[in-house]
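The values are calculated or read from the model by the stated rules, or taken from the named source; none is laboratory data. Small disclaimer: the values here were computed from a predicted structure and weren't measured. Quick reminder, even Gly has a Cβ in these numbers, built from the backbone with ideal geometry, and neighbours come from all protein chains shown. When the accessible area is computed, the model is the full protein with side chains, heavy atoms only, and any ligands, DNA or RNA have been set aside. Shrake-Rupley method; radii C 1.70, N 1.55, O 1.52, S 1.80 Å.
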Amino acid sequence: MKAGYGKLAMATALAITGPLALSACDRPAQPVTKLMTADPDEWPSWGRTGSETHYSPLDQIDADNVAGLRLAWHFDLEPGYSPTTPLMAEGKVFITSGHSHIRAFDAETGKLLWEYDGGTRERATSALQMSWGNKGIAYDKGHVFLATTDGYVVSLDAETGQEAWKTYDYPDDSPRNSNGAPRVFGGKVIVGFGGADISPARGFVTAYDEETGKQAWRFYTTPGDAVAPANKKAEAVMRKTWPSGWKNEDGTRRGGGGTMWNAFSYDPDLNLIYLGVGNGFPYNRDRRSPGGGDNLFLASIVAVDADTGTYKWHYQVCPGEQWDCTATTDMTLATLKIDGKARKVLMQAPKNGFFYVLDRETGELLNQPGKIAKVTWADHIDMKTGRPVENPGIRYNGKPGMFEMWPGPTGAHSWMPQAYSPDTGLVYIPVLENGALIGDGMDGGGEIARGMGVTLIPEVDLPGGHRSFLKAWDPVTQTEVWKVQLPGAWPGGVMATAGNLVFEGQIDGKFVARDAKTGKELWSFKAVSPIVGAPITYRMNGRQYVTVITGAGGQGAGMQTIADAPYRTDYRLPRRVLTFSLDGKDTLLPFQYTEPTPPADPGYKPDPARSQAGFMAFAGNACLVCHGWNAVGGGAAPDLRYSPVITDAATFHAIVKEGGLKMNGMPPFPQISDKDLENLRFYLRTRAQQAPAEKKALMDKLKAARASTARPQDFPGKWNIVIQSPIGPQKAVLELKVDGNVVTGTAKAEQGSVDLAGAFKDGRIKIKGKASMPMPITVAYDLTVKDGELEGENSNGPFGTFPVTGTH
């Protein structure tokens, strides 16, 4: 033992036993703004406030007592879309599920007070209008606001559920849908829409007067012939970035997109609303804009005047977008101390894998963006220009073969909310680690949507892919502070609280609370069903509650279903509203799950050519959007491999072509020819035959992945490690030697060092040594190597066990 290492152990001990212990009373790591703490008892908007932090200043439930969290009340929902975020205001919890079905509950008891059906299923005239369902709703001044998936914007009386006003948002019959949460900012209801994956229609966002429903302004994100006075400045900025225009010779629209379906933020002091803009269509820029250009405002953050919708500034994360790169993820507003100066910032982790910190008054890039996941499309962001330094191979136009693209089209971060805590100064990001193959469009196949001009294979089994994480990110230093690998490839939305807690649901059905400083799991609840939507917290009569809605879905275009197949994401699993408190006394009845089995199909005979034709019909008619990649269901809709309907031609025809189950959420597809319909049905029958063997292989693979496969030779050398102690991340250097199964080494920190010894067994090393505080304690490590990184735990005598990560 070398003198001095005990100081590190002493610091750890003090963090637990002394005045440095974490509590809600500690001085925050970053300034706490009034917006973050406004109306602390309620959660009236998607991100709680216009700052979109998904942070609550409530601290009755904290890291010390969260282990006592119990179910207070629950409500069983019908099958249907439910990866949504609830709201709480005026003593009620409001939720949306299915197709714009709204319910209000007593926030303390869970008693159902009223419900409202948006009517989408009766009105919808296309599959896109029905799509999945709404991700959220909004509340302000006694009214609940929703945007139905088929384009209606509705204001409901929060007390009764009665309509106060209703208007229609779409100006023409271009394919669109609205499934993001509306916002109410500055007396205006902000509504966007989606559809840029299948149509070159112009993207726009609309602001409606919250009291009357009258349109206040509309802002377009791609150029067009019709220009409103408020859009003149924006139009001038956009047009020069489309040098060959956006129309074909016959006047029809060739290029467009830029839809805003999810992310909006609001700064009332600056009177600015921030818009998160999506991808272009066609994906291939050579087809969308043959003359090149950045094609603004695709894949951009745009600031507009809240009163008029007038353009103020923009920042484009992917110039010349052609990879389904979007800026439609959360834009979090906060005040950060950067270079010793307090700056009002906007923070975003868009799809492209970088984390951006911008001055929200000017759009200035404030520090070097860090990579939150594996990135191959660009090396870094040039701080002088704000533009990415691209890998030349990513411009696939006219080139043979395909490019391995990281992140893939679902992004390193998707729509699931991130959270920010001023108490820790960290942003908590649900991260996806998945690659894809992309190339120039090929005749006769490869395009998920017709006309996109791209061959895209999103579900590729690449080394290191099909994973997801919760990562704690320091936006000032642009570094990862801690991370936790999650089950499957689709993480849940995140909430942070002043109780030093981060809450998140998982694809395996666990609802988890973690220590916000270290990532250590402090509490969990087995909810049976996957949880994707973000939780909220609120206070009633002095008691704090946490509410979350269970249910899989939201993957988009059926991607990420393969990696989640080993977990139960079954559409039949119960969807529920779950509310917890420290004195909860509710219970759930046991759920008896029956493993699905493919239907008997004695008449089936293999026919590879027919199966291939059926696959093209399945993909080309967007069946995979709801029913999963390769027909592997992800929970958004029934897994058709196990449906008896696929064995009966007449029933299949009645449902798919004639809309026999439209009121259950299955839209009709009358455009499919009878030949294609039978090929499609044959493909599903084929997939049913393959399902049992595939499932066994997946389960075997999952079992193998859970076991450590590290070898003795993976451990030797110098590792830069980070120990997530209660006083914050502690850096050290671990030097290891391995002789057979005998392991020796030294842990060195700024305070000193300690000699370690132990052994290798079953893919792990367990080593320990003695330190002094001045009383002797044992310092121990339990470590493995996974994907070239060290991970495991460090324990300091009686003072606790903390996560460890390390790199060479």
Could you run through the stretch 576-586 and say how many residues are in contact with a Ser or Thr (Cβ under 9 Å, 6 or more places away or on another chain) and either open to solvent by 10 Å² or more (accessible area, probe 1.4 Å) or without any contact (Cβ under 8 Å) to a residue 24 or more places away in the chain (or both)?
2
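Can you find even one residue in the stretch 461-481 that is within 19 Å of Leu624 (Cβ to Cβ) and either charged (D, E, K, R) or in a strand (DSSP E or B) (or both)?
Yes, because at least one residue in the stretch 461-481 is within 19 Å of Leu624 (Cβ to Cβ) and either charged (D, E, K, R) or in a strand (DSSP E or B) (or both).
Scan the strands (runs of 3 or more DSSP E) fully inside the stretch 276-381 and keep the ones with 2 or more residues being open to solvent by 10 Å² or more (accessible area, probe 1.4 Å) and more than 21 Å from Thr424 (Cβ to Cβ).
Counting at least 2 such residues, we get 311-316, 378-381.
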Within the stretch 685-716, track down each residue that is open to solvent by less than 30 Å² (accessible area, probe 1.4 Å) and outside any helix (DSSP H, G or I).
Ala710, Phe715
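For Gly488, are the conditions met, namely being modelled with pLDDT of 95 or more, in a loop (DSSP other than H, G, I, E, B) and not charged (D, E, K, R)? Don't jump to the end; show me each part of the working.
Numbers: modelled with pLDDT of 95 or more: no; in a loop (DSSP other than H, G, I, E, B): yes; not charged (D, E, K, R): yes.
Here the answer is no, as Gly488 does not meet what is asked.
On the basis of being buried (at least 22 other Cβ atoms within 10 Å of the Cβ) and either among the basic types (Lys, Arg) or at pLDDT 95 or above (or both), does Gly493 make the cut? Working first, answer last.
Values: buried (at least 22 other Cβ atoms within 10 Å of the Cβ): yes; either among the basic types (Lys, Arg) or at pLDDT 95 or above (or both): yes.
In short, yes.
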What is the number of the single condition among (1) of a type in the set (A, V, I, L, M, F, W, C); (2) outside any loop (DSSP other than H, G, I, E, B); (3) out of contact with any helix residue (DSSP H, G or I) (no Cβ under 8 Å at 6 or more places or on another chain) that Ile562 does not meet?
(3)
Residue pairs meeting the criteria (Cβ under 9 Å; at least 6 apart or on separate chains; first in contact (Cβ under 8 Å) with a residue 60 or more places away in the chain, in the stretch 170-184; second surrounded by fewer than 24 Cβ atoms within 10 Å (Cβ to Cβ) and among the basic types (Lys, Arg)):
Val184/Lys141
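Table: residues versus (1) over 17 Å from the mean Cα position of the chain (by Cα); (2) modelled with pLDDT of 95 or more.
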| position | (1), (2) |
| --- | --- |
| Phe511 | no, yes |
| Ala516 | yes, yes |
| Ala534 | no, yes |
| Asn541 | yes, yes |
| Gln555 | no, no |
| Met559 | no, no |
| Ala563 | no, no |
Taking the stretch 526-549, which residues are closer than 12 Å to Ser82 by Cα and in a strand (DSSP E or B)?
Ile531, Val548, Ile549
Scanning the stretch 161-193 residue by residue, those out of contact with any Pro (no Cβ under 9 Å at 6 or more places or on another chain), farther than 13 Å from Ser100 by Cβ and part of a strand (DSSP E or B) turn out to be Ala164, Trp165, Thr167, Tyr168, Arg183, Lys188
A careful count of residues in the stretch 470-485 that are open to solvent by less than 10 Å² (accessible area, probe 1.4 Å) and within 15 Å of the chain's Cα centre (by Cα) gives 2
Count - residues of the stretch 3-56 that are open to solvent by 10 Å² or more (accessible area, probe 1.4 Å) and either assigned to a loop (DSSP other than H, G, I, E, B) or modelled with pLDDT of 95 or more (or both)
27
Taking only the stretch 382-412 into account, find how many residues are free of Cβ contacts under 8 Å to residues at least 60 places away in the same chain, buried (at least 16 other Cβ atoms within 10 Å of the Cβ) and either under 17 Å from Ser300 (Cα atoms) or of a type in the set (A, V, I, L, M) (or both).
1
So, in the stretch 458-469, exactly how many residues are open to solvent by 10 Å² or more (accessible area, probe 1.4 Å) and modelled with pLDDT under 85?
3
Checking Ala196, Ala234, Ala226 in turn, the sole residue that is out of contact with any Lys or Arg (no Cβ under 7 Å at 6 or more places or on another chain), farther than 30 Å from Lys344 by Cα, open to solvent by less than 10 Å² (accessible area, probe 1.4 Å) and not in a strand (DSSP E or B) turns out to be Ala196
Return a yes/no flag: does the stretch 528-546 have any residue that is closer than 16 Å to Gln418 by Cβ and among the aromatic types (Phe, Trp, Tyr).
no
Restricting the stretch 382-398 to residues that are assigned to a loop (DSSP other than H, G, I, E, B) and farther than 14 Å from Trp323 by Cα, the one farthest from the chain's Cα centre (by Cα) turns out to be Gly398
Restricted to the stretch 615-641 and to residues being under 26 Å from Thr594 (Cβ atoms) and either open to solvent by 50 Å² or more (accessible area, probe 1.4 Å) or among the basic types (Lys, Arg) (or both), the residue modelled with the highest pLDDT is Arg641
When you scan the stretch 139-160, do you find a residue that is closer than 19 Å to Ile273 by Cα, part of a loop (DSSP other than H, G, I, E, B), modelled with pLDDT of 95 or more and not basic (Lys, Arg), even just one?
no
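To keep it simple, each residue is scored yes or no on (1) open to solvent by less than 30 Å² (accessible area, probe 1.4 Å); (2) within 20 Å of Asn295 (Cα to Cα).
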residue	(1), (2)
Gly142	yes, no
Thr148	yes, no
Ala164	no, no
Asn177	yes, no
Val205	yes, yes
Thr221	yes, yes
Failed criterion for Thr455 (all others in (1) at pLDDT below 95; (2) part of a loop (DSSP other than H, G, I, E, B) hold):
(2)
Residues of the stretch 755-785 being within 25 Å of Gln485 (Cα to Cα) and either in a loop (DSSP other than H, G, I, E, B) or open to solvent by less than 20 Å² (accessible area, probe 1.4 Å) (or both), in sequence order, are Asp762, Gly763, Ile765, Ile767, Val779, Tyr781, Leu783, Thr784
Of all residues making up the stretch 648-684, the number that are assigned to a helix (DSSP H, G or I), crowded, with 16+ Cβ neighbours inside 10 Å and out of contact with any Phe, Trp or Tyr (no Cβ under 8 Å at 6 or more places or on another chain)
7
Note on the stretch 745-777: residues over 18 Å from His808 (Cβ atoms), among the hydroxyl-bearing types (Ser, Thr, Tyr) and at pLDDT 85 or above are Ser753
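Taking only the stretch 225-265 into account, find how many residues are in contact with a His (Cβ under 9 Å, 6 or more places away or on another chain) and either among the small types (Gly, Ala, Ser) or under 29 Å from Ile137 (Cα atoms) (or both).
Just the residues of the stretch 225-265 that are in contact with a His (Cβ under 9 Å, 6 or more places away or on another chain), to begin with: 234, 237.
Remaining after also requiring either among the small types (Gly, Ala, Ser) or under 29 Å from Ile137 (Cα atoms) (or both): 234.
Residues in the stretch 225-265 being in contact with a His (Cβ under 9 Å, 6 or more places away or on another chain) and either among the small types (Gly, Ala, Ser) or under 29 Å from Ile137 (Cα atoms) (or both): 1 in total.
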Checked the stretch 737-754 for anything of a type in the set (Lys, Arg) and open to solvent by 90 Å² or more (accessible area, probe 1.4 Å); matches are Lys737
Taking the condition open to solvent by 10 Å² or more (accessible area, probe 1.4 Å), more than 19 Å from the chain's Cα centre (by Cα) and closer than 20 Å to Ala565 by Cα, does Asp440 pass?
no
